[in-house]
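Engineer: Below you'll find the structure I mean.
The numbers here are math on the coordinates, done by the rules we state, and not lab data. The structure displayed is predicted, hence computed values, not measured ones. Positions of Cβ are backbone-derived with ideal geometry, glycine not excepted, and every protein chain shown enters the neighbour counts.
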Amino acid sequence: MRLKKLEMKGFKSFAQRVELGFETGVTAVVGPNGCGKSNIADAIRWVLGEQSARSLRGQKMEDVIFSGTDRKKPQGLAEVTIVFDNNAGMMSVPYQEVAITRRVYRSGESEYFLNRDRCRLKDVKELLMDTGIGKEGYSIIGQGRIDELLSQRGEERRLLFEEAAGIVKYRTRKEEAEKKIKQTNENLSRLKDILLELE
Ligand code: ATP
């Protein structure tokens, strides 16, 4: 699966709409200090569902919205769209091109879209499971991440291998099913108590 395009508007230093095409052969982004290289990596992590403002180098989520300069007014919302080539079908949706969009307003309200249709963060997470590009994925290795991985306990490191092996989806479904079974058993025992009281 290949990253094809990134569109940003009102995100951090990108006040105006900026479109970056990642054609085959693009391997690096270079530029002077402070020009926004790390903001591009932040935009990718953010649109893929990052919930921690601190890991995006901010205090609160609204900090990703363009805050204005001497010449430009602050923006009211930030929007990022990432486009993947899904020809190999790694994402289980019937589209050859998958566009994920995230929008956040100053009120803190957040919205997600999948190929322009509104969806939930849960849908985005499920779509990215086992592709290696989700939050627990290995497609973005930040500074210090390798050291962190090496010093992690075996069980923690296992999560990364599970993602690579493509079994996260099944583990998540199993956990959800177990939760439902537990809840159903609790409901059944409550029902039994009520029946006993009525007898
Ligand atoms: P370096 O090479 O030094 O690591 P860089 O190219 O990675 O730099 P970034 O860290 O991506 O640069 O960008 C930093 C710039 O982004 C700063 O000028 C900062 O003021 C600006 N910036 C960050 N958040 C916002 C925001 N919400 N609104 C406006 N500008 C922002």
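Engineer: Cβ under 12 Å from K5's Cβ, K5 left aside: what net charge do those residues give with Lys, Arg +1 and Asp, Glu -1?
Structural biologist: Working: positive: R2, K4; negative: E7, E19, E23, D85, E97.
Value of the local net charge: -3.
Engineer: Quick one: which residues, 5 or more positions from K4 or on another chain, have an amide H under 5 Å from its amide H? H modelled 1.01 Å from N in the peptide plane, none for Pro or chain starts.
Structural biologist: When sequence neighbours closer than 5 places are left aside, the close amide H contacts are V83, F84, D85.
Engineer: What's the extension gain from A41 to S67 if we count 0.36 nm per residue and subtract their Cα-Cα distance? Don't skip to the answer; put the middle values down first.
Structural biologist: On the way: separation 26, 0.36 × 26 = 9.36 nm, distance 1.86 nm.
Stretched out fully, the A41 to S67 stretch lengthens by 7.5 nm.
Engineer: Given the peptides 156-167, 99-110, arrange them by the average over their residues of other C-beta atoms within 10 Å, most packed first. Mind showing how you got there, number by number?
Structural biologist: Working: 156-167: 13.8, 99-110: 15.9.
The most tightly packed comes first, giving 99-110, 156-167.
Engineer: Here is a follow-up. At a Förster radius of 22 Å, what calculated FRET efficiency corresponds to the Cβ-Cβ distance of K169 and N115, to the nearest 0.05?
Structural biologist: 0.60
Engineer: Something else about it: If you count, for each residue, the other Cβ atoms within 10 Å and average over each peptide, how do 67-76, 83-92, 50-59, 3-12 line up from highest to lowest?
Structural biologist: Averaged packing, sorted descending, gives the order 3-12, 83-92, 50-59, 67-76.
Engineer: Work through the residues other than D85 whose Cβ is under 14 Å from its Cβ and net out their charges, Lys, Arg +1 and Asp, Glu -1.
Structural biologist: Once positives and negatives cancel, what remains is +1.
Engineer: What whole number of Å gives the distance from the Cα centroid of segment 1-59 to the Cα centroid of segment 122-181?
Structural biologist: For segment 122-181 versus segment 1-59, the Cα centre distance is 22 Å.
Engineer: Counting only residues 5 or more places away or on other chains, whose amide H sits under 5 Å from the amide H of A53 once H atoms are built in the peptide plane?
Structural biologist: The answer is none.
Engineer: Which lysines have a Cα lying under 27 Å from the Cα of K182, excluding residues fewer than 8 positions away in the same chain?
Structural biologist: Qualifying lysines at Cα under 27 Å: K122, K125, K169, K174, K192.
Engineer: Calculate the spin-label point distance for N33 paired with E19, positioning each point 7 Å from the Cα along the beta-carbon direction, and give it in nanometres.
Structural biologist: The two pseudo-label positions are separated by 3.4 nm.
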